[in-house]
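The values are calculated or read from the model by the stated rules, or taken from the named source; none is laboratory data. Predicted, not measured: the structure shown is a model, and the values here were computed from it. All Cβ positions, even for glycine, are placed from backbone atoms using ideal geometry, and neighbour counts span all protein chains on display. Protein only, heavy atoms only, side chains kept; ligands, DNA and RNA dropped before computing areas. Shrake-Rupley method; radii C 1.70, N 1.55, O 1.52, S 1.80 Å.
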Amino acid sequence: MAQLDVALIGAGGIARAHLPAWTTLGARVRVYAPDGQAPTLASEFGQAAVASREEAIDGADVVDVCTPTDTHHEITLAAVAAGAHVLCEKPLALSAAHAEEMAAAAAAAGVRLYPGHVVRFFPAYARLHPLITGGGLGRIAVARFTRTGRYPTWSGWFADPTRSGGILVDQMIHDMDIARWLFGEVVRVHAHHSGHLTAPAPQGAVATGTAVLTHATGVITQIVGVWAPPATPFRTTFHITGTGGTVRHDSLASPGLRIVGTVGTKAAQGIPAGDFGESPYTTQIRELADAFTGGPEPRVGAVDGVAAVRIAAAAAQSARTGRAVELLPPLTPQGTTA
């Protein structure tokens, strides 16, 4: 793999998951963060910090956007205009219109835009995909996904729906993406959310979300998300039933795939970690880096990022109105899908 020149924008929790991966792959990384944390993060991994976003992006092969969601649209368009490929953390944007504009701009510029849907790279979900799409469970009837973790009070923007989209968009978009990856396009969404849904969020805040997705294939998916008190361990589950059987997964009950959190009085981790062998973040970035340097298309592309935003935005609309939202057929893809 050719050595990549990477601009990492942001120095928060997800940047701390991405930078070790880029370093492992031998990339040259320039880190910029408007909060002044870039020098600290960069020095931990022997990389460089720069004083402006423009300096970071100038000459970069890839721009890795690890900033709050409400900034993704502007930064991605700036990176594309500079001729750089983009890895943008999920969600691509807060609105489907912005996500579609980002994908279209990348396609017009001849650069690649990939969303950071890292759950596709976690072992349990990576194994699930060929099982489902290969017909191992027969005709799927119903699927349920859950995702529970501590309320992300370490950064105030998460609790602000105008910046993050709230739990339905920020957290539950992971499983919305997985549901579409497994069962096809979503044509109807009915969602609800409750708990602490505005900023600021105090320590101990709780929020929950539920979404029922109807797929064009007839499969029904239920997704449950929880932002819980600080000591809550991170946990994901799925339960899928078809005419050929049932498959279940619980990250806390599977020692080889355990997602570690702290149980007790200490705060749990905000980002999944566990006995995966290679970090899923490294697996993801290796696959994307291969594509950036001319290799095969990865398992996730711009069209997937746009589709996930469409589903999540529909869920947020449904939760606001109390009514189901019908999704129009997706636009002609501007990127690749797995």
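Whether any residue in segment 30-38 is more than 23 Å from Glu287 (Cα to Cα), of a type outside the set (Lys, Arg) and over 25 Å from the mean Cα position of the chain (by Cα) is what I want to check. For segment 30-38, residues more than 23 Å from Glu287 (Cα to Cα), of a type outside the set (Lys, Arg) and over 25 Å from the mean Cα position of the chain (by Cα): absent.
Among the residues examined, Val86 qualifies as of a type in the set (Val, Ile, Thr), within 23 Å of Ala109 (Cα to Cα), outside any loop (DSSP other than H, G, I, E, B) and within 15 Å of the chain's Cα centre (by Cα). Between Ala2, Ala11, Ala42, Ala7, the distinction of being modelled with pLDDT of 95 or more and part of a loop (DSSP other than H, G, I, E, B) belongs to Ala11 only.
Pick out the one residue from Ala205, Ala267, Ala199, Ala253 that is among the aliphatic types (A, V, I, L, M), modelled with pLDDT of 95 or more, in a loop (DSSP other than H, G, I, E, B) and open to solvent by 30 Å² or more (accessible area, probe 1.4 Å). First the steps, then the outcome.
Details: Ala205 fails: open to solvent by 30 Å² or more (accessible area, probe 1.4 Å); Ala267 fails: modelled with pLDDT of 95 or more; Ala253 fails: modelled with pLDDT of 95 or more.
On inspection, the qualifying residue turns out to be Ala199.
Count of segment 283-338 residues, restricted to those that are within 27 Å of Leu25 (Cα to Cα), in a loop (DSSP other than H, G, I, E, B), aliphatic (A, V, I, L, M) and at pLDDT 95 or above, is 1. Tallying residues that are closer than 13 Å to Pro115 by Cβ and assigned to a strand (DSSP E or B) within segment 63-78 yields 2.
Taking segment 178-196 as the range and being of a type in the set (Gly, Ala, Ser) and either within 21 Å of the chain's Cα centre (by Cα) or assigned to a helix (DSSP H, G or I) (or both) as the test, the residues that pass are Ala179, Gly184, Ala191. Any chance you could count how many residues in segment 289-303 are within 17 Å of Cys66 (Cβ to Cβ) and more than 14 Å from the chain's Cα centre (by Cα)? So the answer is 2.
Go through segment 208-217 and count every residue that is touching a Gly at 6+ places or on another chain (Cβ under 6 Å) and either part of a loop (DSSP other than H, G, I, E, B) or not β-branched (Val, Ile, Thr) (or both). Spell out how you get there, then give the answer.
Initial filter on segment 208-217 (touching a Gly at 6+ places or on another chain (Cβ under 6 Å)): 208-209, 215-217.
This time we only want the ones that are either part of a loop (DSSP other than H, G, I, E, B) or not β-branched (Val, Ile, Thr) (or both), so: 209, 215-217.
So the answer is 4.
Among the residues of segment 215-228, none qualifies, meaning not one is within 21 Å of the chain's Cα centre (by Cα), surrounded by fewer than 22 Cβ atoms within 10 Å (Cβ to Cβ) and either at pLDDT below 95 or among the charged types (D, E, K, R) (or both). Residues of segment 105-152 that are open to solvent by 10 Å² or more (accessible area, probe 1.4 Å), in a strand (DSSP E or B) and farther than 25 Å from Ala231 by Cα: Ile140, Ala141, Val142. Please go through segment 153-193 and pick out each residue that is in contact with a strand residue (DSSP E or B) (Cβ under 6 Å, 6 or more places away or on another chain) and open to solvent by less than 20 Å² (accessible area, probe 1.4 Å). Residues satisfying the conditions are Ile167, Leu168, Gln171, Met172, Asp175, Ala179, Phe183, Val186, Val189, Ala191.
Taking each residue of segment 309-323 that is farther than 17 Å from Glu185 by Cβ and looking for partners that are in a helix (DSSP H, G or I) with beta-carbon atoms closer than 7 Å, six or more apart or interchain, yields Ala316/Gly166; Ala316/Leu168; Ala316/Val169; Ala319/Leu168. Scanning segment 229-250 for residues that are touching a residue at least 40 places away in the same chain (Cβ under 8 Å), open to solvent by less than 60 Å² (accessible area, probe 1.4 Å), on the phi < 0 side of the Ramachandran plot and in a strand (DSSP E or B) yields Thr236, Thr237, Phe238, Ile240, Thr241, Gly242, Val247, His249.
Looking across segment 73-104, the residues that are crowded, with 20+ Cβ neighbours inside 10 Å and of a type in the set (Gly, Ala, Ser) come down to Ala79, Ala84, Ala93, Ala96, Ala99, Ala103.
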